[in-house]
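Derivation of every value follows stated rules applied to the coordinates shown; laboratory data play no part. Please read these numbers as outputs of a predicted model, since none were measured by experiment. Don't worry about glycine lacking a Cβ; one is built from the backbone with ideal geometry, like all the others, and counts go over all protein chains shown.
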Amino acid sequence: MIDICIVGGGAAGMTAAIYAKEANPALHICIIEKKNQLGKKILASGNGKCNLSNLACARVTETLDFFRRLGVITRADSEGRLYPYTEESRAVQEALKHRLHQLDIEIRTSAEVLEIEKKEHFILHLKTGQLHAKKVLIACGGKAGPQFGTTGDGYRWAKAFGHKVEKPIPVLTAVDIKEDMTRLAGIRAKAAVSLTYHNEEIFRERGEIQFTKTGISGICVFNLSRFLLIPEGRSFLDGFDDYRIFIDFFPEIEAAELTKLLRQRQELGFREESILEYLVRGPVADMIYASAKGDPSDSATLLKAFPLSPKGAKGWDFAQATKGGVSLDEVNPETMESRKIKDLYFAGEILDFDGPCGGYNLQNAWETGTIAGKEMAR
Ligand SMILES: Cc1cc2nc3c(=O)[nH]c(=O)nc-3n(C[C@H](O)[C@H](O)[C@H](O)COP(=O)(O)OP(=O)(O)OC[C@H]3O[C@@H](n4cnc5c(N)ncnc54)[C@H](O)[C@@H]3O)c2cc1C
């Protein structure tokens, strides 16, 4: 009989195993991981650099202490995003694996849990047979990035145990746009992007926007995607009609001031069609000229709020996180134990939590893994 069985060898699962074994070395702990190695998603995170937390997170100190103990030195960039010193995600994955081996934690890779049931204790069904465990941690992630093993298996088990699962939605992705974007493809602009729902602004962020053949991308667009939700009863086809996206190409300059500057260019003798030349990239200038015909006031209005109609966010294969998941109401945040099933725990992205880009999602995984690990060892 295994004392603690951890389903999912990602960020939360590995952290939980380390904390549990450190607290009680006598425990038999086993991690079951579907993929052929632990922490595949960690390797891909932060564009291979692993943005593991953020200085703005309330419990960042605990995370940094943990990684220092594991031999990982970190540093923050100007936005407070924390990375391993070499900016190589492998530094994080290897340090976790090293500590797991040192603590003699059993690891089964290429092993997929198919079902979990509870009688007097838990029975985990794998393709290769059954495992029996006193306590189980479900840390198998959400549905984002199925290529890293996360295919939403845990939601089915949670529901079978009577847990409410908030609808999982792919977030932190690029956004597809209804308008023809081909002429803008490849352009990058330091701008601000905003989202309105029924004409009310619900999101605004500055950053670098990348225009693609089908839409827009970039960190600020990823963060916007967390607010682009299909209302109940609507489909992907008509679900986003109530949303509009606006790009502000001059976030530092008010519209009236911009109009004045464009008038000044007019007075300097710029022709109508070249009034925007070298102020914004050529294809953007062309698109604005097509509507505003060089009128300084109309041009300024479009430069401050260039409208786009969202068609939808890119799907699970491109998403970095899952919005929705196991409802937090039914999991004790002090222990991560289910309020419905004794000795069943949840940690990481399986839970109904999603944060913006910047290290918040991995922080959630370390944090909830830490709490669950310490608690399960009691
Ligand atoms: C491309 C990409 C880049 C990202 N970059 C960042 C970043 O820089 N900073 C940040 O904070 N967040 C980032 N994220 C999000 C972050 O990686 C996740 O939120 C975090 O890894 C979640 O941790 P987790 O342990 O809950 O799940 P995961 O790390 O996803 O691990 C879950 C594990 O469970 C395994 N599993 C699933 N089902 C089963 C099963 N049935 N049986 C056995 N094992 C199973 C999976 O194979 C997987 O290894 C990124 C995500 C992606 C996809």
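Miscellaneous remarks
- If you look at the Cα atoms of segment 160-271, you get an Rg and a Dmax of 18.0, 73 Å.
- Sites listed here are chymotrypsin sites (Phe, Trp or Tyr not before Pro) in segment 25-109 whose DSSP assignment is loop and whose Cβ has at most 10 other Cβ atoms within 10 Å: 85.
- A simple count of charges around residue 116, restricted to other residues whose Cβ falls under 10 Å of its Cβ and scoring Lys, Arg +1 and Asp, Glu -1, yields -1.
- Estimated D of the chain in µm² per second, where Rh is the Kirkwood radius over Cα pairs and Stokes-Einstein applies at 20 °C, 1.002 mPa s: 95 µm²/s
- Whole-angstrom gap from segment 23-76 to segment 163-181, using each part's C-alpha centre: 27 Å
- A cut-off under 12 angstrom between Cβ atoms defines the neighbours of residue 352, and their net charge, with Lys, Arg +1 and Asp, Glu -1, is -2.
- Assuming charge only on the beta carbon of Lys and Arg (+1) and of Asp and Glu (-1), the dipole of segment 175-313 about its Cα centre is about 360 debye to the nearest 20.
- Fully extended contour minus Cα-Cα distance, from residue 24 to residue 214, at 0.36 nm per residue: 63.1 nm
- Among 213-223, 359-369, the peptide with the highest mean count of other Cβ atoms within 10 Å heads the list, and the full ranking is 359-369, 213-223.
- Mean residue ellipticity (222 nm) of the chain, computed from DSSP H runs ≥ 4 via -39,500 (n - 2.57), nearest 500: -9000 deg cm²/dmol
- Note on segment 194-226 and segment 306-378: Cα centroid distance 23 Å, given to the nearest whole angstrom.
- Charge sum, other residues only, whose C-beta stays under 12 Å from residue 192's C-beta, Lys/Arg counted +1 and Asp/Glu -1: -1
- Pairs exceeding a 19 Å alpha-carbon distance, out of 127/159; 35/164; 41/97; 119/342; 41/143: 127/159; 35/164.
- Per-residue ³J(HN,Hα) for segment 222-232, Karplus 6.51 cos²θ - 1.76 cosθ + 1.60, θ = phi - 60°, Hz, x for Gly and Pro: 4, 5, 4, 4, 5, 9, 9, 10, 6, x, 3
- Between residue 117 and residue 130, full extension at 0.36 nm per residue minus the direct alpha carbon distance yields a gain of 3.6 nm.
- Hydrodynamic estimate: the Kirkwood radius of segment 189-333 over Cα pairs, inserted into Stokes-Einstein at 20 °C and 1.002 mPa s, corresponds to D of 125 µm²/s.
- Rh by Kirkwood over Cα pairs, then Stokes-Einstein D for segment 19-68 at 1.306 mPa s and 10 °C, µm²/s: 117 µm²/s
- Relative contact order of the chain, pairs being alpha-carbon contacts under 8 Å that are 6 or more residues apart, as %: 23 percent
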